[in-house]
1. Expressed as a whole percent, how much of the Cα-Cα distance distribution for the chain exceeds 29 Å?
2. Taking a ≥ b ≥ c as the square roots of the eigenvalues of the Cα gyration tensor of region 5-63, is the shape rounded (a/c under 1.5), prolate (a/b larger than b/c) or oblate?
3. Which percentage, to the nearest 5, of the DSSP beta bridges contained in the chain is antiparallel?
4. What do you get for the angle between helix 12-21 and the principal long axis of the chain? Use alpha-carbon atoms, 0 to 90 degrees, nearest ten.
5. Sticking with the crude label model, points 7 Å out along Cα→Cβ, report the distance from residue 14 to residue 258 in nm, one decimal please.
6. Going by C-beta contacts inside 10 Å, put 75, 51, 198, 56 in order with the fewest on the left.
7. D for region 68-225, whole µm²/s, Stokes-Einstein with Kirkwood Rh over alpha-carbon pairs at 20 °C and 1.002 mPa s: what number?
8. Among 350, 330, what is the fewest-to-most ranking by other Cβ atoms within 10 Å?
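Just so it is clear, none of the values below were taken in a lab; they were calculated from the coordinates. Remember, predicted model here, so these are calculated numbers, not experimental data. When we count neighbours, we look across all protein chains shown, and the Cβ atoms used for this are built from the backbone with ideal geometry, even at glycine.
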Ligand code: SAH
Ligand code: SF4
């Protein structure tokens, strides 16, 4: 263990404060950010516009430490999955999904997840800890590096989604700093609309997220009534659906026609009836929403199965007829288990499934 400060834990504001504290100018922070996030340079001696004395000061007191790639798997469809070591006992997964007009990186925010959604592999593994800012932004840096972004002049990762392991709004401060770095011109410079936070519904933090970032929002709804949601997404017992939908409405205010994405996993015989579809339409009448139907992805030990294709199509048609833009998400990276809800990594769980209530969240 080194006691040195990791500069990847700082966004622009906190890095400027750091330089002020060591008696230097704020613009040093801007120079360092450009080296790291524009040029991909993490070796102080190569940061040639910093004085020699500043470089050795930084070398003595700080580091630029990235999480380490353990394995890379590439799917037949071009999807890539990286297993990333975050410490001796834990690893998380990051997935790159190339499409014709975009490249989406799906990043993790926690080691495991404390929320225990019944259909989610990550949730079923228990929870160990939050990722630090450096571990979150480090996933993006290393994916950019692996994809050749720092060498070329073309953006390969055009969109970021917090849909990997963990519940991002339970790691608010580090997720916020990471978003700041993603959207800062001196960081990765992505438009805020191209960054999506997916949440199972931590209502107070949804309001904060709007205030602080206004990035795109995705809600893992998965049910069209409160009782069912209590069962399959247990955080609903703390933040009931009615409050969650009201939070979506508040999030939408002042954002024109920007939609909130509603994620709905299709579970055979659980939430996929035509009655469920009609009830879902009613839930979404107060704010602009678009729906992503996600075919359930199996993982070892689960009893759920995916709805059949006809059922998914019939469900989709009801939503579309009611004027709601609805797509059925394609399952990508099937051959490398890279799909939604399949990310496993290695979680030395401090809170195992049966101990979850001790987190005080559910
Ligand atoms: N914790 C956040 C983000 C990570 S999960 C959240 O829940 O929103 C990303 C998405 O994958 C969520 O919509 C989640 O509900 C969905 N998901 C989880 N397990 C799944 C599975 N086995 N099959 C399909 N989607 C799943
Ligand atoms: Fe956690 Fe999201 Fe999985 Fe639920 S679906 S257990 S909130 S990662």
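1. 41 percent
2. rounded
3. Just about 45 percent of them are antiparallel.
4. With rounding to tens, the tilt is 30 degrees.
5. Going by the 7 Å Cα→Cβ label model, 2.4 nm.
6. 51, 56, 75, 198
7. So the translational diffusion coefficient is about 134 µm²/s.
8. So the residues, fewest neighbours to most, are 330, 350.
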